[in-house]
1. Do you know which residues across segment 18-63 are of a type in the set (Gly, Ala, Ser) and closer than 23 Å to ASN362 by Cβ?
2. How many residues does segment 431-467 contain that are part of a loop (DSSP other than H, G, I, E, B), closer than 22 Å to GLY401 by Cβ and open to solvent by less than 60 Å² (accessible area, probe 1.4 Å)?
3. Is it the case that some residue within segment 278-296 is more than 27 Å from ALA351 (Cβ to Cβ), in contact with a Phe, Trp or Tyr (Cβ under 8 Å, 6 or more places away or on another chain), at pLDDT 95 or above and open to solvent by 40 Å² or more (accessible area, probe 1.4 Å)?
4. If ARG407 passes every condition in (1) of a type in the set (D, E, K, R); (2) surrounded by 20 or more Cβ atoms within 10 Å (Cβ to Cβ); (3) not in a helix (DSSP H, G or I) but one, which one does it miss?
5. Would you mind listing the helices (runs of 4 or more DSSP H) fully within segment 211-303 where at least 2 residues are without any contact (Cβ under 8 Å) to a residue 12 or more places away in the chain?
6. Quick one: would you say SER1 is touching a helix residue (DSSP H, G or I) at 6+ places or on another chain (Cβ under 7 Å), outside any helix (DSSP H, G or I) and either at pLDDT 95 or above or farther than 30 Å from ASN210 by Cα (or both)?
7. Only one residue in GLU368, GLU389, GLU396 is assigned to a helix (DSSP H, G or I) and surrounded by fewer than 18 Cβ atoms within 10 Å (Cβ to Cβ). Which one?
Amino acid sequence: STISKDSLKASLLQLECHFTWALLKEHVGLEALEETILDHIKFFEEYSIRDYNILSYVCHLKNSNEEALRNLRKAEEAIQKHYPGEIARRSLITWGNYAWIYYHMQRYEEAQSYVSKVENICKTLSSTAHGKIQLPEIYVEKGWALLRFGRNYFERAKNCFENALTSEPNNPDINAGYAIAMYRLEDCAERYGDEMTPCLAALKRAVELNPDNTAILALLALRLQRSNQGNEGERYIEEGLQKTPDFPVFLRHAANFYRKKGEVNKALEILKRALALTPNSVVLHHQLGLCYRSKVIQLKKTRYTPREEVENLIQLAIFHFKTVIEKKPVFFTAYGDLGSVYALGKRYEEAEEIFQEVLQRNDVPCDEKQEIYSSYGNFQQFHMKSESEAFKYYIEGLKIGKDSFGRKKCSEAVEKLLKEKIERGSGDATDIGRLGLVHKLNGKKQEAIECYKKALDLDPNNEEYQNALVELQLSI
């Protein structure tokens with residue numbers, strides 16, 4: 001062809017579109033993401049341009065470029081419908097995506113023609129060379145795309161919305177995106193021990209500007225519940241149930257609210273309603289699994305456990321958790337959830353198998369790995385009755401230094417295990433030495449030194465304790 005492939009590639013890299021935003025497929029379950037977007041299109045016609053564009057990118061990642069082109073054509077129809085007066089300006093991302101897909105299909109002439117279209121519009125819209133254009137709506141689209149790709153992208157998403165807010169501080173859509181990004185960051189911070197972000201003000205502002213979007217209303221309620229203002233939160237949830245009784249994203253958050261409040265049956269009722277509307281939603285399946293599991297745990301505490309009911313609930317929880325990992329293999333904590341339910345049903349081989357499957361993967365982020373070590377330690381301690389195996393995995397969780405919810409669970413479990421043994425008098429030098437190691441890994445040097453000294457009193461020639469003690473004393 002007459003077009004130089006290299007110069008084409010150089011121009012493609014200058015475009016602002018899904019192909020240049022570094023959205024990696026290993027961070028999402030493509031099938032799950034596709035279903036989420038299709039569900040969103042069903043309920044939010046006004047965002048279809050955004051949804052069709054990201055859907056075309058997902059189709060490309062699944063190697064179906066023809067399907068990707070079909071979705072871009074749908075995006076174009078939506079642009080003509082919603083923005084008849086500014087088609088060119090609103091088409092920049094769509095045309096960028098067209099250019100990339102044609103490039104991947106080796107249809108270089110067509111790719112070049114879309115690159116030229118974008119470059120010409122950018123010249124008329126902005127004075128900067130190269131058409132790297134700083135339009136607020138481009139930041140917004142990028143922000144929403146980043147949110148869709150999960151927790152590795154929340155910080156970047158927040159920055160995009162922040163950028164866009166500087167030029168349009170009262171735009172409802174931008175405020176909604178900003179508040180959701182802030183909420184997600186704080187959610188992760190709580191769970192994974194990162195810095196907290198003040199999302200409450202952002203949510204209140206977004207609710208004010210988006211009075212009809214009950215999904216944001218529900219996030220505000222969850223945020224209030226988290227800071228012990230559950231009663232105020234519940235008023236918002238009830239308002240949302242009145243306004244949008246059939247909107248699955250809202251229903252999912254509402255169910256989460258009631259589950260956290262301890263009203264599991266109410267949560268289940270709402271989740272079933274949502275599932276009837278969007279039967280493929282991974283998040284709904286996960287929430288259903290959590291509800292059934294917590295019912296099993298409650299029933300096992302009663303004096304006369306109804307066997308058949310428990311068995312039935314275990315089956316349901318297994319079904320939903322399995323659905324989650326089939327549809328979204330990178331939903332790592334769901335493996336631990338599934339393992340724990342197998343264990344509750346005394347299906348130990350299946351539990352072991354699912355734990356091993358996730359423990360052997362090398363793409364699990366540190367903090368989620370810590371949660372899995374905590375679940376597996378629990379399984380070893382309480383179901384397999386092996387304290388030494390449990391200890392081994394709790395310690396693996398502690399060896400990962402990242403401060404997180406999972407690490408905290410490992411730490412609490414292993415301290416409790418060792419202290420109880422030592423207090424019962426069944427603990428020996430090994431257990432006291434182990435407690436020393438736990439304190440050391442938690443940065444409690446003084447407590448660690450005391451433990452190692454006690455362990456050495458009982459086992460004076462132990463080199464491991466001697467070395468640990470010397471090392472600790474030198475580091476103080």
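1. Within segment 18-63, ALA22, GLY29, ALA32 meet the criteria.
2. 2
3. no
4. Condition (3) is where ARG407 drops out.
5. Working: elements: 214-226, 230-243, 248-261, 264-277, 282-300.
The helices (runs of 4 or more DSSP H) meeting that bar are 230-243, 264-277.
6. yes
7. Working: GLU368 fails: surrounded by fewer than 18 Cβ atoms within 10 Å (Cβ to Cβ); GLU396 fails: surrounded by fewer than 18 Cβ atoms within 10 Å (Cβ to Cβ).
Only one candidate qualifies: GLU389.
Listed here are the residues, each with its yes/no results for (1) open to solvent by less than 60 Å² (accessible area, probe 1.4 Å); (2) small (Gly, Ala, Ser); (3) assigned to a helix (DSSP H, G or I).
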{"residue": "SER11", "(1), (2), (3)": "yes, yes, yes"}
{"residue": "ALA32", "(1), (2), (3)": "yes, yes, yes"}
{"residue": "ASP39", "(1), (2), (3)": "yes, no, yes"}
{"residue": "LYS42", "(1), (2), (3)": "no, no, yes"}
{"residue": "TYR47", "(1), (2), (3)": "yes, no, yes"}
{"residue": "ILE54", "(1), (2), (3)": "yes, no, yes"}
{"residue": "GLU67", "(1), (2), (3)": "no, no, yes"}
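The values are calculated or read from the model by the stated rules, or taken from the named source; none is laboratory data. Computed from a predicted model, the values in this text were never measured in an experiment. So basically every Cβ, Gly included, is an ideal-geometry build from the backbone, and we count neighbours across all protein chains shown. Note: areas computed on protein heavy atoms with side chains; ligands, DNA, RNA excluded. Shrake-Rupley method; radii C 1.70, N 1.55, O 1.52, S 1.80 Å.
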